[in-house]
Amino acid sequence: MSNRLTKLALGVVALPLLAACATKGYVRDQVSVARTELTDTINTKIAAERQERMTADDAIRADVQALRGALDSLRTEFDVKIQQVAEGLKFMMPVHFAFDDATVREEDKPAITRFAQVVQQHYPNAKITVEGFADPAGSRNYNVNLSQRRAESVKQYLTEAGMTSGLVATVAYGETRLVIPGAERDDMGADKNRRVTFVIEGVDVGDAGVAALP
């Protein structure tokens, strides 16, 4: 009788121990499952973020390649010179004027139109400054006014080509910064002094604008 009671007592004691072991095993299993699920979730998220970065990088590369092609077309088709300056990117365009005139010439309109297309596609929110110049014939004040009218004429044409007027500014330099010093009226190269240049302002060397550089 005492052996039976002893076994019974041992069994009663063992039951909670077995239950405790079972509970601990269940908990361990659940923790393991949770860890696996968490690891899978993290790995999935990392993979998705990596794919997003790769897609964004591919898009940036495509944009840069498209910009490079557009700028190269300006160079090759219209002999545009592009230079990095403190203000941004400067475009020396083959846009010239007749003596004492501020009318945009028909032969220069395709180059201006192409420039406007490049800006609208790649620099839609950038500020553009049109710089006007004159040859040294006439007084300094007259040449400043004449070069201002030239810049304004080009601005008007740019806005007609679709650019936002509020993003296009003008500045007049008159007879300063001559390409051919002293050339005026019908002198050889005087038309190169009667010109405009474009500056796309605020373009960082580190962004896509760097594609403009040789």
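The values are calculated or read from the model by the stated rules, or taken from the named source; none is laboratory data. Bear in mind the structure is a predicted one, so any value in this text is a computation, not a measurement. Quick reminder, even Gly has a Cβ in these numbers, built from the backbone with ideal geometry, and neighbours come from all protein chains shown.
List of remarks:
Rundown of residues vs (1) farther than 14 Å from V80 by Cβ; (2) in contact with a His (Cβ under 7 Å, 6 or more places away or on another chain); (3) outside any helix (DSSP H, G or I), yes/no style:
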{"residue": "T113", "(1), (2), (3)": "no, no, no"}
{"residue": "A116", "(1), (2), (3)": "no, no, no"}
{"residue": "V119", "(1), (2), (3)": "no, no, no"}
{"residue": "T129", "(1), (2), (3)": "yes, no, yes"}
{"residue": "R149", "(1), (2), (3)": "yes, no, no"}
{"residue": "Q156", "(1), (2), (3)": "yes, no, no"}
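- Filter result for N125 (over 18 Å from K192 (Cβ atoms) and modelled with pLDDT of 95 or more): no
- Top-ranked residue of the range 72-116 - restricted to ones that are at positive phi and surrounded by fewer than 15 Cβ atoms within 10 Å (Cβ to Cβ), ranked as nearest to the chain's Cα centre (by Cα): D79
- So V179, is it β-branched (V, I, T), assigned to a loop (DSSP other than H, G, I, E, B) and over 24 Å from the mean Cα position of the chain (by Cα): yes
- Only a single item in (1) under 19 Å from M92 (Cβ atoms); (2) surrounded by fewer than 16 Cβ atoms within 10 Å (Cβ to Cβ) is not met by T129, and it is number (2).
- Scanning the range 163-174 for residues that are touching a residue at least 12 places away in the same chain (Cβ under 8 Å) and within 26 Å of the chain's Cα centre (by Cα) yields a count of 6.
- Within the range 132-144, the set of residues being crowded, with 16+ Cβ neighbours inside 10 Å and either polar (S, T, N, Q) or part of a loop (DSSP other than H, G, I, E, B) (or both) comprises F133, A134, D135, P136, A137, G138, N143.
- Which listed residue is closer than 30 Å to A70 by Cα and at pLDDT 95 or above, from G132, G209: G132
Residue-wise test of (1) touching a residue at least 60 places away in the same chain (Cβ under 8 Å); (2) farther than 19 Å from L71 by Cβ; (3) out of contact with any Phe, Trp or Tyr (no Cβ under 8 Å at 6 or more places or on another chain); (4) among the charged types (D, E, K, R).
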{"position": "M93", "(1), (2), (3), (4)": "yes, no, no, no"}
{"position": "T103", "(1), (2), (3), (4)": "no, yes, no, no"}
{"position": "P110", "(1), (2), (3), (4)": "no, no, no, no"}
{"position": "Q156", "(1), (2), (3), (4)": "no, yes, yes, no"}
{"position": "A161", "(1), (2), (3), (4)": "no, no, yes, no"}
{"position": "T176", "(1), (2), (3), (4)": "no, yes, no, no"}
